[in-house]
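Quick notes on the structure that follows.
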Amino acid sequence: MHFIIDTTKVVEVFCFIDDFCQEVKAYFASHPLPKGLAPKHLAGRRPSLSESEVLTILTLYHLSGFKCFEYYYERLVLGELKSFFPQGCFLHAVPLPLPPGLLPRLPAGPVPGQPL
């Protein structure tokens, strides 16, 4: 079965999310979290997908209308979108629910001095 995917939308979503992740990393580089709240490094090998790629896959899933994430991931991400995510791993290698340290942490409230 083939799905119709607007590839420019995939690139647009990825660029937007990647810019966001870069801003979050820059913010936390200049405003480190206290030691108790700092993200812990997960044991084992490094993830094959970047944070931007993981967030893009999750965002596209919510925009896709699919009801089952496993079906979406296996059919679309590992199939039709394989050229966009060449390092994609099989779903059984992805820990679900996602561990809290995998996604970037955001401040709990508005950042002082930053526009809303």
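Across the range 5-34, the qualifying residues are those that are of a type outside the set (Val, Ile, Thr) and either part of a loop (DSSP other than H, G, I, E, B) or touching a helix residue (DSSP H, G or I) at 6+ places or on another chain (Cβ under 6 Å) (or both), and the one among them that is modelled with the lowest pLDDT is Leu33. Taken as a whole, the condition of being exposed (fewer than 12 other Cβ atoms within 10 Å of the Cβ) and either modelled with pLDDT of 65 or more or not in a loop (DSSP other than H, G, I, E, B) (or both) does not apply to Leu78.
The values are calculated or read from the model by the stated rules, or taken from the named source; none is laboratory data. Computed from a predicted model, the values in this text were never measured in an experiment. In this analysis, Cβ positions are derived from the backbone assuming ideal geometry, glycine residues included, and neighbour counts consider all displayed protein chains.
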